[in-house]
Every structure is written in C-alpha cells, then in structure tokens.
Amino acid sequence: MRFGVLTGGGDCPGLNAVIRAIVRKGVDHHGHAILGFRDGWRGPIEDDHVELTIEAVRGILPRGGTILGSSRTNPFRRDDGPDRIGETLAANHLDGLIAIGGEDTLGAANRLHGEHGLPILGVPKTIDNDIGATDMTFGFDTAVQVATDAIDRLHTTAESHHRNLVVEVMGRHAGWIALYSGLAGGADVILIPEREFDIEEVCRLIQRRHDRGRYFSIVVVAEGAQPIAGTMETVGGEKDEFGHERLGGIGQRLEVEIERRTGYETRTTVLGHIQRGGTPTAFDRVLATRFGMAAIDAASNERWGLMPALRGTDIELVQLADAVAELRTVPQEFYAQAEAFFG
Ligand code: F6P
C-alpha cells in the first residue's frame, strides 16, 4: 500500500520520531511506500512531496522540528482545497494520508474525512497538550522541561537581585505548560487562560511574600492568560489562516502593572519558541514513536477518521471528531491545588 504523511501547525519536539516510526514500521514491517508532503496542508494541495525511505529517516529520532517542514495553511480557506488534496492522493496512487498536527490540522483532517470522504487519519501533536480524547500529546513534556529549567535559572537571579520575574510561557487556550512548569519550578503565582486573573490579587500575593521576608517572586503566565475584563489593558496581534491571534505580550503588561502597583522592581522573560525547538525528551520520543506505529498500523487496516491516543498507559484509537470537539483544558480543581503554593 501507499500512504502520505504531513506535519501541520506549530512544530513540536517529537514530530521526526513519529515520521521515523511510520516509515520504519510502514516500510520494513508492512512493505508500504510512504510519501512525505512538505509544509503541512500546502504539500498535498500543491502536490509537493518527497519519498520517505528508511535511509531518509536515519538519525532523525532525537532531532527537533520536522524534516517535512510545517505551515498553518488551511485547506478550507480556498474553495478547491479539499478537491486538490483528493486529486493529489489519486495522482500518487495513495491509499490514505496521515496528518500529524494540533487542533487546526486535526480539525481540517476531520472535515476532509467527514465532509469529503477522504481517507485520512490523525496523530495528535502540540506542546500545549490541549487536544481532546488523549491524556497527553508529545512535545508537552519537552516544553515543560525547558520551561522548568528556565524557571530554576530565573529563581537564582531573581533572589540575588530582590526583584520579581515574570516568565511568559506558551499556551494559547490551555495553561498546561504554565501549570506544570510553575509547579515543578516552585512558582509563586501561576496564571492560565482557563481562569481570568485579578491583578490586585497577584500583587497581594507578591506583597505577602515581602511581608514574610521573601523579596522576590516568580510569576509564570501562559501567553493566553487574560485579566478580568476592565482591570488591566492587554495587547492584540494579527491573525493566522485559522483565525488565531498571534499571542505574546501579557508578560510585559504584567511587568509594568506589578511594578507600578507594588513599587518592587519587576522584569519579564518570554520563553517563546525555545519551548518548541530542540531535541525531545525521552518521554516524548517514546510517546511519538508509539503514536507513529499505531498510526501506520491503523492506516494498514484502513481505519480512517481515527487518531491514536494515550489512554492511561495504553495507546488506543479514538475518533478524530471526538479529539477536535473540545479542547482539553486545565480542570479548575487541578488549578485550585496549585493555588496552595501561591504567595
Ligand atoms: O499551538 C502551539 C503554540 O505553541 C501556541 O502555544 C502558540 O500560541 C503558537 O503555537 C505560536 O505559534 P507560532 O509562533 O508558530 O505562530
């Protein structure tokens, strides 16, 4: 059989491990041919592909990024997008396509399968860990480790200089990275998109630490965190093809507000794409490899419209429609547990 594979959306450590597993198991074990499409959905729309042989995937397991390239191309932004993808599959005699991506890429995969009948299955990826129907996505563990290392380093310098440090981490709709790295790094305040924050309360917690003789605080904020409406100004950014605003800037805003309200020196570090780049942790390499193997097995059995998911410690196939129906956000109870360490 012949299958295509693509990586879409923001890149994430572990993408190459998935590609390698699909090719290694697909070619060696099943005897398939695998084509890699370049730059997300642009690849099948423009039939831009490369054959992925065992040789082509040698040495990529520990490598960050994706050898196929990625983009935020939305196939539904153009009228002929779905038809062109169907034509590319037919022209290359492909039996199906494996789309590795986050909410947008998987959302498009689900529609291409459900509304256009295309033989597609998905693999969940995102450092944000916000895909439904799976307990975890690969890339998240690496991002948390990078952020935790950064918080540890910022801790020592914040303490030496008796200043507050705001650490802005990724997380558009879900605060998983902020919550995990904040807990692991011993942050004094953690702000997530799921819970609008009260700047007065943030400053009160910082003041409480001062009153107890702790003259520095670490505030971890997810880029998508929002203040309670009308309490603080925020900044907006331009939008991508899926209508998502380019985020970033809440850390800077917090720096200004905290310093103004408390009178204590405050600085910001924005971790940005450092969280997405570089080598995946061992955990992410293994999870990505297991997802890749499950995906090529499912494709071999023509199980379209599905996605491998981590359920407990098992890999199971779930409906793509279920995975994209709702984002997996941080439960309020979990955040409430973390609050025990604030201030
Ligand atoms: O979706 C993953 C993510 O890392 C988000 O947390 C972030 O908002 C977005 O990607 C930023 O991606 P880019 O800078 O590539 O547009």
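Scanning the stretch 221-256 for residues that are among the aliphatic types (A, V, I, L, M) and either over 19 Å from ASP130 (Cα atoms) or more than 14 Å from the ligand (Cβ to nearest atom) (or both) yields ILE228, ALA229, MET232, VAL235, ILE250, LEU254, VAL256.
If you check ASP314 against the conditions, is it of a type in the set (Asp, Glu), closer than 20 Å to LEU15 by Cβ and either surrounded by 15 or more Cβ atoms within 10 Å (Cβ to Cβ) or without any contact (Cβ under 8 Å) to a residue 24 or more places away in the chain (or both)? No: the conditions fail for ASP314. When the stretch 49-81 is filtered for residues that are under 24 Å from GLY26 (Cβ atoms), of a type in the set (Gly, Ala, Ser) and surrounded by 13 or more Cβ atoms within 10 Å (Cβ to Cβ), the ones remaining, listed by number, are ALA56, GLY64, GLY65, GLY69, SER70, SER71.
For the stretch 119-138, state whether one or more residues are assigned to a strand (DSSP E or B), away from the ligand (no atom under 16 Å from the Cβ) and surrounded by 24 or more Cβ atoms within 10 Å (Cβ to Cβ). For the stretch 119-138, residues assigned to a strand (DSSP E or B), away from the ligand (no atom under 16 Å from the Cβ) and surrounded by 24 or more Cβ atoms within 10 Å (Cβ to Cβ): present.
Of the residues making up the stretch 264-289, those that are in contact (Cβ under 8 Å) with a residue 60 or more places away in the chain and either in a helix (DSSP H, G or I) or at positive phi (or both) are GLY272, ILE274, GLN275, GLY278, PHE283, ASP284, ARG285, LEU287, ALA288, THR289. Among the residues here, VAL235 does not qualify as touching a Leu at 6+ places or on another chain (Cβ under 6 Å), β-branched (Val, Ile, Thr) and either under 19 Å from HIS173 (Cα atoms) or not assigned by TED's automatic domain parsing to the domain that holds GLU159 (or both). Scanning the stretch 93-111 for residues that are away from the ligand (no atom under 16 Å from the Cβ) and farther than 21 Å from GLY26 by Cβ gives ASN110, ARG111. Answer yes or no as to whether LEU154 is part of a loop (DSSP other than H, G, I, E, B), more than 16 Å from the ligand (Cβ to nearest atom) and either surrounded by fewer than 24 Cβ atoms within 10 Å (Cβ to Cβ) or within 21 Å of the chain's Cα centre (by Cα) (or both). Criteria not met by LEU154. Within the stretch 330-342, the residues that satisfy the criterion of being buried (at least 17 other Cβ atoms within 10 Å of the Cβ) and either assigned by TED's automatic domain parsing to the domain that holds GLY117 or outside any helix (DSSP H, G or I) (or both) are VAL330, PHE342. Could you grab me the full set of residues in the stretch 219-233 that are surrounded by 11 or more Cβ atoms within 10 Å (Cβ to Cβ) and either modelled with pLDDT under 80 or touching a Gly at 6+ places or on another chain (Cβ under 9 Å) (or both)? Of everything in the stretch 219-233, those that are surrounded by 11 or more Cβ atoms within 10 Å (Cβ to Cβ) and either modelled with pLDDT under 80 or touching a Gly at 6+ places or on another chain (Cβ under 9 Å) (or both) turn out to be VAL219, VAL220, VAL221, ALA222, GLU223, GLY224, ALA225.
Beta carbons closer than 8 Å, at least 6 apart along the sequence or on distinct chains, pair a first residue in the stretch 62-90 that is farther than 18 Å from ALA21 by Cβ and in a helix (DSSP H, G or I) with a second that is within 16 Å of the ligand (Cβ to nearest atom) and at pLDDT 95 or above for PRO75/TRP41; PRO75/ALA108; PHE76/ALA108; GLY81/TRP41; GLY81/ASN74; ILE85/TRP41. The residues listed here are ARG72, ARG20, ARG58, ARG24; of these, the one that is within 16 Å of the ligand (Cβ to nearest atom), at pLDDT 95 or above and charged (D, E, K, R) is ARG72. The criterion of being assigned to a strand (DSSP E or B), assigned by TED's automatic domain parsing to the domain that holds ASN110 and surrounded by 15 or more Cβ atoms within 10 Å (Cβ to Cβ) does not hold for ALA294.
Every residue in the stretch 290-311 that is free of Cβ contacts under 8 Å to residues at least 24 places away in the same chain and of a type in the set (Gly, Ala, Ser), please. Answer for the stretch 290-311, where residues must be free of Cβ contacts under 8 Å to residues at least 24 places away in the same chain and of a type in the set (Gly, Ala, Ser): just ALA294.
Scanning for something within 15 Å of the ligand (Cβ to nearest atom), under 23 Å from the mean Cα position of the chain (by Cα) and not small (Gly, Ala, Ser), does the stretch 206-219 turn up at least one residue? Looking through the stretch 206-219, none of the residues is within 15 Å of the ligand (Cβ to nearest atom), under 23 Å from the mean Cα position of the chain (by Cα) and not small (Gly, Ala, Ser). Scanning the stretch 220-248 for residues that are under 20 Å from ALA336 (Cβ atoms) and more than 22 Å from the chain's Cα centre (by Cα) yields PRO227, ILE228. Taking the conditions exactly as written (without any contact (Cβ under 8 Å) to a residue 40 or more places away in the chain, part of a helix (DSSP H, G or I), surrounded by fewer than 20 Cβ atoms within 10 Å (Cβ to Cβ) and not assigned by TED's automatic domain parsing to the domain that holds GLU245), does ARG111 satisfy them or not? So ARG111 passes the test.
The values are calculated or read from the model by the stated rules, or taken from the named source; none is laboratory data. What you see is a predicted model; the values in this text were computed from it and never measured. Cβ coordinates were reconstructed from backbone atoms using ideal geometry, including for glycine residues, and neighbour counts include every protein chain displayed.
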